[in-house]
Structures are given as structure tokens and as C-alpha cells.
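So the structure is just underneath, and the comments pick up after that.
The values are calculated or read from the model by the stated rules, or taken from the named source; none is laboratory data. These numbers come from a predicted model, not from an experiment. As a convention, Cβ positions derive from the backbone with ideal geometry for all residues, glycine included, and neighbour counts pool all protein chains shown. Note: accessible area is taken over every heavy atom of the protein model, side chains too, but ligands, DNA and RNA are not part of it. Shrake-Rupley method; radii C 1.70, N 1.55, O 1.52, S 1.80 Å.
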Amino acid sequence: MNILVCLKQTFDTEAKIELKDGKINAQGIKNIINPYDEFAVEEALKLKEANGGEVTTISVGSDQTQEALRQALAMGADKAILVEFPNSDEHATAKALAKAVQGMEFDLILGGHVAIDDNSGQIAIRLAEELDLPQVNVVTKLEINDGKAVCTREIEGGVQIVETPLPTVITCQKGLNEPRYPSLKGIMQAKKKELKRIGLEELGLTVDNKVEILEVFLPPQKEAGKVIEGEAEEAAGELVRLLKEEAKVI
Amino acid sequence: MAIWVIAEQQDGILKKVSLEILSKGQELAEELGFELETVLLGEDVSELADTLAAYGASKVYVADDEELAVYGSEAYSQVIASLIEENEPEAVFFGHTALGKDLAPRVAQKVETGMVSDITDAEVEDDQLVFTRPIYAGKAFTKSKVLSTPVMATFRPNVQNMSDADDGASANIEEVDVELENIRAKVIDVRKQSGGRVLLTEADIIVSGGRGMKGPENYPVIEELADALGAAVGASRASVDAGWRPHSDQVGQTGKTVSPTLYIACGISGAIQHLAGMSSSKYIVAINKDEEANIFNIADYGIANDLFKVVPAMTEAVKKYKNE
């Protein structure tokens, strides 16, 4: 079973966001594999352990993105592809991914359901469309049998069970698995594994961004609110009164 | 020239977010001199067109077919993409819901256009639509525009104000021929979660519990307040990771993003990753024993005291008000 895992390098979840020259300042920030993509890497490795085959990870990014791919290799992925295309929008990123894997055959393409930085949640689905594959989004349980995937997918107020033939694109949600840490042996082996870099020219892709970011800004500082003093019962009564009479929300 | 809103319904009930987008869409359409139109998909859904008209739609494309009874990304995206190619709207809006998140990117790639996800505001600048959206889970925001047509965006639920319904309004109905091909992914079962409470992402009021709840056995304390208020119950990552609550209740960067009118945080310290999921709430209340807790920095009202004393007293006070 051959599996492709799409991953993105993001800031650590605890990173403090600051601006420099009107842009997000990336200096001094610790980078990680987007946590949802890490679930995808783990799921691919588990499926490989059960069924054999190969796990290839791919990312569209910059030189620095190598670190995230190396980490996936250290977790146990076999090969990695870096498409060097910084600052591409969602449409262009999906085009680049599709072009980079042209001619390769996969039974399954996995990714996170969203990246925690831009929170866009578009790439994997756009890729499914680009490759003319079905998709199952926000999956918390996955079973593969007889060339079919049976997925439990989170929706508002419940779950859907979706069945689809392979190959398919599946996006992963927390709850699917617990990602492993790379072992020391894994880290050593990762250094020798193949990490192929492809530039845009080599890819033969000309595509312009279709979304333009006009401005990045930080949220306004909220003014300190009202702290209600007094005994617990008394304060609770006063709070409920304020919610009703001042804020008018209950 | 038209702005389209993809109307979302489940079991024959329109989602509130669709009416919120229509309300905002009215403003935008008026400013741009565009029509406001909707697309409605499902089975036996035509009667919902009246409600869409009441919220400003001048035309409703109705795709009514048994194959559309349950949402599927392939079927729905085929219908919408061919309607877009035929009618060339200037903009197409979706709710940022389970359905919208799954459907909109597929449609966008089919019609080769750009899309802005999870927007919290839309305005017209120099005759163009400009969208505001949170990034890094609300630690920063961007304003952006789409350079291709149609302009596509998904709207965060519970953020836009609803306009008043004009019950006398009517819309032109255009029935759409549904032709589908090569549908592979199929929904074979839907399981609703038990419990009659409102959905987290749609709730007007949320009562949320964190590490300070001390254990799963104590959640009835906040559930009782939630029931008195008609609220949903949320949880912080700490309490989900501890196994006290299911992940579907988690609010935060690796959980749900919510923007209720009122968010009551009980025993939640206010880690950055939690604030990310709820900081766009209109009013925030913090109840925490630790008066230094970060949550107080963004709370509109705070009580630095024992939640096990404060919350039951709030429940009593709310019940008293409701009985008056």
C-alpha cells in the first residue's frame, strides 16, 4: 500500500505572533509539523506497518521546510519531496502538489484537515479535485479493507460514516491516533533517506496567486473587564444581574 | 451580476449561518449594485425558498433530487460548479461549517478560483470585496481579496448580525436539472450524538469547563448552569486531554472555534491556544480561583473565586430571573 502524506511546517502552537514591516515576524519562532498533518503521518505509518508498502511525504514551502520533512522521515516515512514554492496561495499550492506527484501511484493520500497557522483548510480538498479523487474530510477513524476506506467523519452534532473506493484523499482530525516521537535510530536513519527537492521551473508550472493579502494586523488590545468582588454567592448574583441588565445577553 | 449564497439545510431546516450570510450579503449587494441570489440543494426542500426570500434573496436556484438528500462533496460540488459556469456569479459565499469546509474548496478548484476561508467580516473597497479573517487562531488578522472570479469565501458562523425577515418578500425560483457522474464517496450512516443540548458552533451561550473542574464527575455543576441558560457545554484542551470530556467538546486552536454572544469560562486558565478558539465571543465571563489567570485579561466580567461555589449560585440566580 503506497501512501502520500501532505504536510505543512507551521509555527509552534504557543508561538507569540508579532509583526515586522507589516508582516508576521518568523524570527526566533520554533517550527513544527502542523499537528493535524502529524496525525496523517502517524496513520500512514500504521497502515504501512499493517499492510506493507511505502510512505512518501510531500510539502510545498521554502528551504526551511526540510526540517519538517526530515522529522517525518525520522518518524518512519520512506521518502520526502519538497516543492520549493514559497508564498503560494491555496489554488497554486494544490496545482504544485498535483504536478509534483504526476505519474506516481498512491492508494491513499493523507493530510491534516486544517493547518493551525492560516486555518484555511483548503489544500487537501483542492488536491483531491485536481487529481479527480474522492475525499473524506475531518476523519477520526479509518479502516481500510478490500480496496475501500471506511471513514468516521466529524460533523456538527455527530459523525458520518463514509465509504469510498481507493485511491482517495483523507484529511485527519485529532482523535485518529497518537503520533509517535521519532526514535534516536529513526533520526539517524532519516539523514540517509531520500529528500528530493523540486523547483517551480523543473515542475514546469506557471501559476499566479488568486488571493492577495492586503494587510496583516494584530487584534486590538481588549480593555480590562470588571472584576466582581465579594463572597462567592453574592458575586454570582451580581454577575447574573450584570449579564441581564448591563450586557443584556441572558 | 450577482452574489450567491449557498444555502445550507439539514433535515429540511435552514442553518442560521445561511441567513447570517444573506443578511450581510444584502448590504454588500446593495453597495455593489448586484443581485443577491441563493442556491438550495437537497430533497423536498423547495419550501425553504420563502425563508431565503424573506432574508433578501431575489432568486433561488433549487436543486431538488433524491441523490442530494444527504450531503456528499462530489455530488454537491458538481451541481454548484456547473451552475457557476452557466450563470457566472461575481461572488459565491458558503458557511464555514462541516459542509462548507468540505464543499467550498472543491468547488473553488473546479472553477479555478481563489477563496478566503473562515472570514469574520466582508466589506466593499474600490468596488471590490475585501475579507477580514483571523490567522494563527486569532493572534493576528488579515485583510485580503480574491483576484479571480467568482470571488469565493466561507463565513464563520455566529458573527454576522441577522437582518429582520421580510415575510412578504418573494423570490424567483429556478429549478435546476441535476446530472451527476462518477460519485465514489458515499455516506453509509449518520450518527447523532446523544444529548439534547445546542451545538457548540451554533450556540448563543456556551459554558465551558477546564482543568479547574478537577474531574469528569464535577461537570454536572456547569451542565446545570448551561441547562438553565439554554447553553452548550464546552471544554478546554486540558480537560479533553485528561479524558474528562470528548474531543468534540473542545474549544481552542486544536478544537472548535466558537463565537457565541456569551462565553462563560469556568476553571479555565486561558492558555493562548484556548483563547484562539473563543476570543471572538461578544461577552466573556471568567470564573477562576487564580486571580492572576490569563483568562481575566480578556474577560468582560470576572469572579476570582471558587467555581464550585460561584457556578451553582449563578444557576440559582438565573433560574430565579427566568421564573420572574
Handout entry: Karplus 3J(HN,Hα) series, Hz, for the range B:310-324 with 6.51 cos²θ - 1.76 cosθ + 1.60 (x for Gly, Pro)
Key = 6, 5, x, 5, 5, 4, 4, 5, 5, 4, 4, 4, 5, 7, 6
Completion exercise
Scattering profile of the protein assembly as shown from the Debye formula, Cα beads only, expressed as log10 I(q)/I(0) at q = 0.06, 0.08, 0.12 Å⁻¹, is -0.30, -0.55, -1.25
Completion exercise
Note, the range B:125-138: 3J(HN,Hα) by Karplus (6.51, -1.76, 1.60, θ = phi - 60°), whole Hz, Gly/Pro = x, goes 10, 6, 6, 10, 7, 10, 10, 9, 8, x, 10, 6, 6, x
Problem - Environment charge at A:GLU90 (Cβ cut-off 9 Å; Lys +1, Arg +1, Asp -1, Glu -1) - result: 0
Fill in the blank from the handout: For the range A:96-250, the dipole about the Cα centre with charges only on Cβ (Lys and Arg +1, Asp and Glu -1), to the nearest 20 debye, works out at 820 debye
Handout entry: Extension reserve of the A:LEU195-A:LYS248 stretch, reckoned as 0.36 nm per residue once the Cα distance is removed
Key = 13.2 nm
Handout entry: Per-pair calculated FRET efficiency, R0 = 35 Å: B:ASP11 and A:ARG241 via Cβ, rounded to 0.05
Key = 0.35
Fill in the blank from the handout: Residues whose modelled amide H sits under 5 Å from the amide H of A:GLU54, counting only those 5 or more places away in sequence or on another chain, are A:ASN2, A:ILE3
Practice task
Kindly provide the helix-only [θ] at 222 nm of the protein assembly as shown, computed as the sum of -39,500 (n - 2.57) over DSSP H runs of four or more divided by all residues, to the nearest 500 deg cm²/dmol?
Solution key: -8500 deg cm²/dmol
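When the solvent-accessible surface of protein heavy atoms is calculated with a 1.4 angstrom probe, in what order do B:PHE93, A:PHE217, A:PHE39 fall, highest first?
A:PHE217, A:PHE39, B:PHE93
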Handout entry: Shape box of the range A:1-159 [Cα atoms, principal axes, largest first, Å]
Key = 54, 38, 28
Fill in the blank from the handout: quick note, chain B, DSSP beta bridge pairs, % antiparallel (nearest 5) is 20 percent
Completion exercise
Using alpha carbon positions and the Kirkwood radius, the Rg to Rh ratio of chain B is 1.01
Exercise for the section: Sum up the charges of everything whose Cβ sits under 15 Å from the Cβ of B:SER73, counting Lys and Arg as +1 and Asp and Glu as -1, but leave B:SER73 out. Expected result: -3
Fill in the blank from the handout: In this structure, the FRET efficiency calculated for A:GLU178 and B:GLU31 from their beta-carbon separation, with R0 = 51 Å, to the nearest 0.05, is 0.55
Handout entry: Histogram of C-alpha separations across the range B:1-72, 5 Å bin width, %
Key = 4, 19, 30, 23, 13, 8, 3, 0
Completion exercise
Here the relative contact order (percent) of the range B:200-323, from C-alpha pairs under 8 Å and at least 6 apart, is 25 percent
Fill in the blank from the handout: Relative contact order in percent for chain B (Cα pairs under 8 Å, 6+ apart) equals 14 percent
Exercise for the section: Pull up the cross-link candidates among the lysines for A:LYS226, meaning alpha carbon to alpha carbon under 19 Å and not fewer than 8 places away within one chain. Expected result: A:LYS244, A:LYS248, B:LYS282, B:LYS289
Practice task
Go ahead and set up a Gaussian network model of chain B, Cα springs under 10 Å, then flag whichever of B:GLU90, B:GLU43, B:GLU125 fluctuates most.
Solution key: B:GLU125
Exercise for the section: For the range A:117-133, take each phi angle, set θ = phi - 60°, evaluate the Karplus expression 6.51 cos²θ - 1.76 cosθ + 1.60, and give the result in whole Hz per residue in order, putting x for glycine and proline. Expected result: 8, 8, 6, 7, x, 10, 4, 4, 6, 4, 5, 4, 5, 4, 8, 6, 10
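How much of the DSSP bridge set in the range A:14-103 is antiparallel, in percent, rounded to the nearest 5?
25 percent
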Handout entry: chain A: angle of helix A:66-75 to the longest principal axis, Cα-based, in degrees nearest 10
Key = 80 degrees
Completion exercise
Between A:GLU49 and B:MET162, the two model label points (7 Å from Cα along the beta-carbon direction) sit apart by a distance in nm of 4.9 nm
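From the P(r) of the range B:2-175, could you give the percentage of C-alpha pairs in the tail past 23 Å?
Taking all Cα-Cα pairs of the range B:2-175, the fraction more than 23 Å apart is 33 percent.
Rounded to the nearest 5, what % of DSSP beta bridges with both residues in the protein assembly as shown are antiparallel? Working shown, then result.
On the way: 43 of 120 bridges.
Percent antiparallel among DSSP bridges in the protein assembly as shown is about 35.
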Problem - Inter-site label distance for B:LEU147 and B:GLU47 at 7 Å from Cα along Cβ, in nm - result: 4.8 nm
Fill in the blank from the handout: In whole percents, the bins of 10 Å from zero upward hold the Cα-Cα pairs of the range A:92-250 as 8, 22, 24, 20, 13, 10, 4, 0
Handout entry: Cα convex hull volume per residue for the range B:208-298 (Å³)
Key = 83 Å³
Practice task
Can you tell me the 0 to 90 degree angle between the C-alpha axis of helix A:232-245 and the longest principal axis of chain A, rounded to 10?
Solution key: 80 degrees
Fill in the blank from the handout: Measuring from the longest principal axis of the C-alpha atoms of chain B, the long axis of helix B:220-229 (C-alpha) lies at a number of degrees, nearest 10, equal to 50 degrees
